[in-house]
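The structure under discussion appears below in the form of structure tokens.
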């Protein structure tokens, strides 16, 4: 194990696991593995875990002795974590239309940065982005790997409504709005694909440790894919990740 997290009480029915260090894929792998271990060893008492870049918040059933539980978690690390296999990870190709009707802030971001809209689209579609964690909205992926030239501060005045599928930038991160929501990220495009469905056995498509590659599509292709999705005929391209 790369590092042992600090464990501390977090309210009456929760505790935090905190890691030191920089945000990177190897540490994120470790956090994902610890999260899996917690569910494996303590599934009967855990209500929910909420992983983030350098923390996991663990919520447990009421009336438990948190101090004793923290000691049990701490002693389990050296013995158990390295034996927990990593979940299978995938690389997903996500179609995104950067048309001005969808990319509400793209022209402004291009103007401020001194880059052309075409260059913004090129730079945004080049990287392989890692899903570090899911948060803010159900299924909303916080993606790492955005080129520094595209870093852009969140909007001072958030919008009251950002449509589902909108792809945005907030500081050094990019992400996908998985449902209609208020939000302060700058919107540069939209995908017709759905990332959260309560009717599916696994409601959230993307998982921490997965990767995303954005693929630029035209407005005509967007409409065509939207129809295919509604008819159940669209298959999102994915491949197993061997990082």
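Where a number appears in this text, it was derived from the coordinates with a stated rule and is not lab data. Treat the numbers as computed from the prediction; the structure is a model and nothing was measured. With ideal geometry, Cβ positions are generated from the backbone for all residues, glycine too; neighbour counts draw on all protein chains shown.
Per residue of the chain, the DSSP helices (runs of n ≥ 4 H) give a summed -39500 (n - 2.57) that works out to -8000 deg cm²/dmol at 222 nm. Under the criterion of Cα pairs below 8 Å and six or more residues apart, the relative contact order for region 1-46 equals 27 percent. Could you tell me the center-to-center distance, by alpha carbons, between region 170-238 and region 85-132 in angstrom? The distance from the Cα centre of region 170-238 to that of region 85-132 comes to 12 Å.
Is the shape of region 1-43 rounded, prolate or oblate, going by the alpha carbon gyration tensor and its root eigenvalues a ≥ b ≥ c, with a/c under 1.5 for rounded and a/b larger than b/c for prolate? Cα axes put region 1-43 in the oblate bin.
The Rg/Rh ratio of region 115-173, with Rg taken over Cα atoms and Rh as the Kirkwood radius over Cα pairs, comes to 0.96. Multiplying the residue separation of residue 126 and residue 72 by 0.36 nm and removing their Cα-Cα distance gives an extension gain of 15.0 nm. Give the shape of region 160-243 as rounded, prolate or oblate, defined through the alpha-carbon gyration tensor: a ≥ b ≥ c are the square roots of its eigenvalues, a/c under 1.5 means rounded, and otherwise the shape is prolate if a/b is larger than b/c and oblate if not. Here region 160-243 falls in the rounded category. Listing 97, 241 from fewest to most neighbouring C-beta atoms within 10 Å gives 241, 97.
Mean separation of Cα pairs under 8 Å and 6 or more residues apart, divided by the residue count, gives the chain a relative contact order of 21 percent.
At q = 0.19, 0.20 Å⁻¹ the log10 of I(q)/I(0) for region 90-240 amounts to -1.23, -1.38, computed by Debye summation with a single uniform scatterer per C-alpha, solvent ignored.
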